[in-house]
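The values are calculated or read from the model by the stated rules, or taken from the named source; none is laboratory data. Bear in mind the structure is a predicted one, so any value in this text is a computation, not a measurement. A quick note on method: Cβ atoms are made from the backbone with ideal geometry, for glycine too, and the neighbour counts reach across all protein chains shown. The protein model used for the area step is the full one, side chains on, heavy atoms only, and it has no ligands, DNA or RNA in it. Shrake-Rupley method; radii C 1.70, N 1.55, O 1.52, S 1.80 Å.
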Amino acid sequence: MNNETIYLDNSAVTRVDEKVLEAMKPYFLNKYAIATSEFAYTMGIEAREALEDARQIIAESLGAEKKKLIFTSGATEANNLALKGIIYNQEKKNHLVVSAIEDFSVLNTAKSLEREGYEVTYLKVDAEGKVPLDNLKSAIQENTALVSVQHANQEIGTVQDIKKIAQFCQENDIFFHTDATHTFRRLPLNVNQIPVDLVTTSAHTIHGPRGIGALYFRDGISLKKIMDGGFQEQNLRAGIENIPAAVGFARAVELIDEKENKKIQKLRDKLINQIENKIDNVTL
C-alpha cells in the first residue's frame, strides 16, 4: 500500500520552503526584539532593519516604493483595510462595486459595509468567470468610491483583465483595488504599468509563512485606520510587527522566479492534456 501523500490544494496554502524557514529562525531565537521600541538598542535596530529590508523586497516586486506598502496579518486584513479604509474616508461617495466571485474576505467585508448602510453592487460574471467591462460600466454611479476585482479566482482560475478595469476606474475617478493573493509572483503585476490603486498580497500562497500579508496603496491615497492600538505601519495597522514572518515573506518573494513558474505551467499543461485525452466529455 502506497502511503505517499499527494497534495493538490496549493491555491489554499503552500508548504513553507526550507530556505524561508531558515531565514526566519534568527528573528525567533536571536533577534527577537520589536522594531518600534521607544528605546534604541542593537536588537531593536536589527529588527527594524530586517523589517524595512523585507518591505523593500516585496514593494520592488510590485514596482512600488517601500513607503507605499504596509504589512498586515494576511490577505483578509489587507482586503478589509482596502475596502473599509477607502470607504470610511469618503464624505459623499458611499457606493462600492465588487465581483460576485471574490474571496470571502472581500465579499463578507462588502456585506458588513451594507449592514452599516453603505451601498454595494455585486457584479455578475460571464460563463468563464470574467467580469465583462459593460457590466462594470452599468454598475457605476455618481457616488461610487471603489471597485474591487480579484486578479485571479482561487477556485476556477479565471484571470481578470485588471489593466482594462483599472484604466476605466482611473478615467472615472474611482479607486480600484485588486486582491492578487493568487497571482502574486506567478503573473506579471507592476503598479507602474497597471494603474491599480490598492493591491492585496499574501505569503501563504508562495511558500511563505501564514499570518503575513501586505497592502500596497498608491501615492496620494488616504486610508482610514480600522484597528485601534499602536502607531505601527505608518499608523495604519496597530500591533507589534511580525518580523520573522515579514522576513520569510520577502525570502519567498526572492525564491520564485520565471524558471519555477514555467515548470508549474508545464505541470498544468500536462495535467490538462492527460485529463482531456483519458476522460470522456471533459470541457475546459
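Checking the conditions here, which among Val120, Val97, Val106 is touching an Asp or Glu at 6+ places or on another chain (Cβ under 7 Å), open to solvent by less than 50 Å² (accessible area, probe 1.4 Å) and either part of a strand (DSSP E or B) or not hydrophobic (A, V, I, L, M, F, W, C) (or both)?
Val120
Identify, please: which residue in region 222-275 is open to solvent by less than 80 Å² (accessible area, probe 1.4 Å), in contact (Cβ under 8 Å) with a residue 24 or more places away in the chain and polar (S, T, N, Q) and is, among those, nearest to Leu62 (Cα to Cα)?
Asn261
Of all the residues that make up region 53-67, how many are buried (at least 23 other Cβ atoms within 10 Å of the Cβ) and among the β-branched types (Val, Ile, Thr)?
Number of matching residues: 1.
How many of the residues in region 123-145 are of a type outside the set (Val, Ile, Thr) and open to solvent by less than 60 Å² (accessible area, probe 1.4 Å)?
9
Looking at Ile45, Ile70, Ile34, which is the one that is surrounded by 14 or more Cβ atoms within 10 Å (Cβ to Cβ), among the hydrophobic types (A, V, I, L, M, F, W, C) and free of Cβ contacts under 8 Å to residues at least 12 places away in the same chain?
Going through Ile45, Ile70, Ile34 in turn, just one is surrounded by 14 or more Cβ atoms within 10 Å (Cβ to Cβ), among the hydrophobic types (A, V, I, L, M, F, W, C) and free of Cβ contacts under 8 Å to residues at least 12 places away in the same chain: Ile45.
Does region 189-198 contain at least one residue that is in contact with an Asp or Glu (Cβ under 7 Å, 6 or more places away or on another chain), open to solvent by 20 Å² or more (accessible area, probe 1.4 Å), closer than 19 Å to Leu69 by Cβ and modelled with pLDDT of 95 or more?
Within region 189-198 (the criterion being in contact with an Asp or Glu (Cβ under 7 Å, 6 or more places away or on another chain), open to solvent by 20 Å² or more (accessible area, probe 1.4 Å), closer than 19 Å to Leu69 by Cβ and modelled with pLDDT of 95 or more), the answer is no, since none of the residues qualifies.
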